[in-house]
Amino acid sequence: MNRESTLILVVCVVEAALALYGFAILVRILLSWLPLRSGTLVHSRYRVICHVTEPYLRIFRRHLPFARLGEATVDLSPLAGLAVLIIVGTLCVLL
């Protein structure tokens, strides 16, 4: 295996990891809109996804305020985190 094919393999693995993590954030966003009952299978999967994605999203949550929509507040950190993952994944492909 030469150096170029090794680099292509590494880029593909990084791109796949970024896509998988982005998918986890997207699932977290979608599941956060549903009323989940404690003790159900979906709730336990949601907790696992939150446990995996929270350290990354906490970086954005420190710097982004919650958006106010009337009486409700919206956490924009998952959208910002997802946008950064998409940009980094695109840059990996372009290199």
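The values are calculated or read from the model by the stated rules, or taken from the named source; none is laboratory data. Source: prediction; values computed, not measured. Methodologically, a virtual Cβ is constructed for each residue, glycine included, from the backbone with ideal geometry; neighbour enumeration extends over all protein chains shown.
Residue count for the stretch 40-51 under the criterion of being within 20 Å of ALA80 (Cα to Cα), surrounded by 13 or more Cβ atoms within 10 Å (Cβ to Cβ) and either more than 12 Å from the chain's Cα centre (by Cα) or not β-branched (Val, Ile, Thr) (or both): the result is 2. How about the stretch 60-82: which of its residues are of a type in the set (Gly, Ala, Ser) and surrounded by 14 or more Cβ atoms within 10 Å (Cβ to Cβ)? Once the filter is applied, which keeps residues that are of a type in the set (Gly, Ala, Ser) and surrounded by 14 or more Cβ atoms within 10 Å (Cβ to Cβ), the stretch 60-82 yields SER77, ALA80, GLY81. Determine whether the stretch 23-39 contains at least one residue that is polar (S, T, N, Q), surrounded by 10 or more Cβ atoms within 10 Å (Cβ to Cβ), at pLDDT below 95 and not in a strand (DSSP E or B). Yes, some residue in the stretch 23-39 is polar (S, T, N, Q), surrounded by 10 or more Cβ atoms within 10 Å (Cβ to Cβ), at pLDDT below 95 and not in a strand (DSSP E or B). Scanning the stretch 14-30 for residues that are charged (D, E, K, R) and either over 21 Å from ALA80 (Cα atoms) or in contact (Cβ under 8 Å) with a residue 60 or more places away in the chain (or both) yields one hit, GLU15.
Close contacts from the stretch 31-46, counting a first residue that is among the hydrophobic types (A, V, I, L, M, F, W, C) and a second that is part of a loop (DSSP other than H, G, I, E, B), with Cβ to Cβ under 6 Å and a gap of 6+ residues or different chains, come to VAL42/LEU36. It is to be established whether one or more residues within the stretch 52-63 are in a loop (DSSP other than H, G, I, E, B) and either under 23 Å from GLY89 (Cα atoms) or under 13 Å from the mean Cα position of the chain (by Cα) (or both). Scanning the stretch 52-63 turns up no residue that is in a loop (DSSP other than H, G, I, E, B) and either under 23 Å from GLY89 (Cα atoms) or under 13 Å from the mean Cα position of the chain (by Cα) (or both).
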